[in-house]
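> There's a structure below that I have some questions on.
The values are calculated or read from the model by the stated rules, or taken from the named source; none is laboratory data. All of these numbers come straight from a predicted model, not from anything done at the bench. Cβ coordinates were reconstructed from backbone atoms using ideal geometry, including for glycine residues, and neighbour counts include every protein chain displayed.
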């Protein structure tokens, strides 16, 4: 055989062997970095009741829905109503706005919306992974703006970050 043909056959043989080896391996790798016990097939996400002093009537449902969607889209787990192999529950403990910055003439120039949730995670496959923790995120906004005109977008951004934090803590182990 010519040297070029020999190299081509060797390369083809190496590719076939690599494919067989990799195809025969089993693991729990995920492109999201999720590390889920192989025997975990379901996750239940309970509705987060809102116990904050100031209540946004949409917050509870939006937070719960986004968290369910995140687990559904980023893992192979089936989202169930209750008694999952993994269980997420919690409550909204704070939803508040307050001054975040003053201008040079001592007037409020920026306000801050902060949302805090308390989360309980139960891993029925690996109890060592259980946790209870509070997560808090905020967004600053121009104090000259009417809060009701920016509330929905600020809340959406904060919910996304809170859900990412909960997801990462529960199944990515960051």
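> Just the residues that are within 24 Å of residue 171 (Cβ to Cβ), touching a residue at least 24 places away in the same chain (Cβ under 8 Å) and out of contact with any helix residue (DSSP H, G or I) (no Cβ under 9 Å at 6 or more places or on another chain), please, taken from segment 129-143.
Once the filter is applied, which keeps residues that are within 24 Å of residue 171 (Cβ to Cβ), touching a residue at least 24 places away in the same chain (Cβ under 8 Å) and out of contact with any helix residue (DSSP H, G or I) (no Cβ under 9 Å at 6 or more places or on another chain), segment 129-143 yields only 134.
> Okay, next question. Starting from residues that are over 18 Å from residue 170 (Cα atoms) and not in a strand (DSSP E or B), keep the ones in segment 82-104 and report whichever is nearest to the chain's Cα centre (by Cα). Give the derivation first.
Filtering segment 82-104 for residues over 18 Å from residue 170 (Cα atoms) gives 93-104.
If we keep only those that are not in a strand (DSSP E or B) too, we end up with 103-104.
Numbers: 103: 35, 104: 39 Å.
By that ranking, first place goes to 103.
> Quick one: in segment 67-78, which of the residues that are surrounded by fewer than 18 Cβ atoms within 10 Å (Cβ to Cβ) and in contact with a helix residue (DSSP H, G or I) (Cβ under 9 Å, 6 or more places away or on another chain) is nearest to residue 35 (Cα to Cα)?
Among residues in segment 67-78 that are surrounded by fewer than 18 Cβ atoms within 10 Å (Cβ to Cβ) and in contact with a helix residue (DSSP H, G or I) (Cβ under 9 Å, 6 or more places away or on another chain), the one nearest to residue 35 (Cα to Cα) is 74.
> How many of the residues in segment 33-69 are part of a loop (DSSP other than H, G, I, E, B), under 21 Å from residue 91 (Cα atoms) and touching a residue at least 12 places away in the same chain (Cβ under 8 Å)?
First, pick out the residues of segment 33-69 that are part of a loop (DSSP other than H, G, I, E, B): 33-41, 46-49, 51-58.
In the following step, the residues that additionally are under 21 Å from residue 91 (Cα atoms) were identified as 46-49, 51-58.
If we keep only those that are touching a residue at least 12 places away in the same chain (Cβ under 8 Å) too, we end up with 46-49, 51-56, 58.
Summing the residues that are part of a loop (DSSP other than H, G, I, E, B), under 21 Å from residue 91 (Cα atoms) and touching a residue at least 12 places away in the same chain (Cβ under 8 Å) in segment 33-69 gives 11.
> Still on this structure: Residues to consider are 30, 18, 72; find the one that is in a helix (DSSP H, G or I) and modelled with pLDDT under 55.
None of the others qualify; the one that does is 18.
> Additional query: Contact list please: Cβ distance under 6 Å, first residue in segment 99-128 and at positive phi and surrounded by 14 or more Cβ atoms within 10 Å (Cβ to Cβ), second residue at pLDDT below 90 and in a strand (DSSP E or B), pairs at least six apart or on different chains.
none
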